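S.K.: Sending over a structure as structure tokens; questions will come in a sec.
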């Protein structure tokens, strides 16, 4: 899975550079992101390039959130309308912070872009 990483303070920002997060891609997502969580309290997944997320992708998001140290939070940003609809339908929008962009996600997590 093609990902790019940026650390902003205690937040790991991950840009998913693939159009699909499905059963084929989730193992790579969990292992690559999980390996970079050390030293970070929060995680932002930028899904701006993602067009499709299936149930295994949603499960991967939950798995990554559980790997954060308490009270770590996961934020999703750049979600397309269909992905936002899936998050609302599954009520995961109540668990994850859902933001328009990474700056808004950083603000929701109490971090700054400085």
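S.K.: Diagonalise the Cα gyration tensor of the range 3-108 and give the resulting equivalent ellipsoid semi-axes, square root of 5 times each eigenvalue, largest first, whole Å.
M.R.: That gives 19, 15, 13 Å for the three semi-axes.
S.K.: Let me ask something additional. Distance in nm between label sites at residue 85 and residue 35, each 7 Å beyond Cα in the beta-carbon direction?
M.R.: 3.6
S.K.: Within the range 4-38, what residues put their amide N at less than 12 Å from the label point 7 Å along the Cα-to-Cβ vector of residue 56?
M.R.: 21-30
S.K.: Take every DSSP beta bridge with both residues inside the range 3-108 and express the antiparallel ones as a percent of the total, to the nearest 5.
M.R.: So the antiparallel bridges in the range 3-108 amount to around 30 percent.
S.K.: Nearest 0.05, what FRET efficiency do residue 6 and residue 66 give at R0 = 22 Å with Cβ-Cβ as r?
M.R.: Once rounded, the FRET efficiency stands at 0.50.
S.K.: In whole angstrom, note down how far apart the Cα centers of the range 63-97 and the range 27-58 are.
M.R.: Using only Cα atoms to place each centre, the spacing works out to 10 Å.
Read-outs: derived from the displayed coordinates by stated rules, not from any lab. Remember, predicted model here, so these are calculated numbers, not experimental data. Ideal geometry is used to build each Cβ from the backbone, glycine not excepted, and the neighbour counts take in all protein chains shown.
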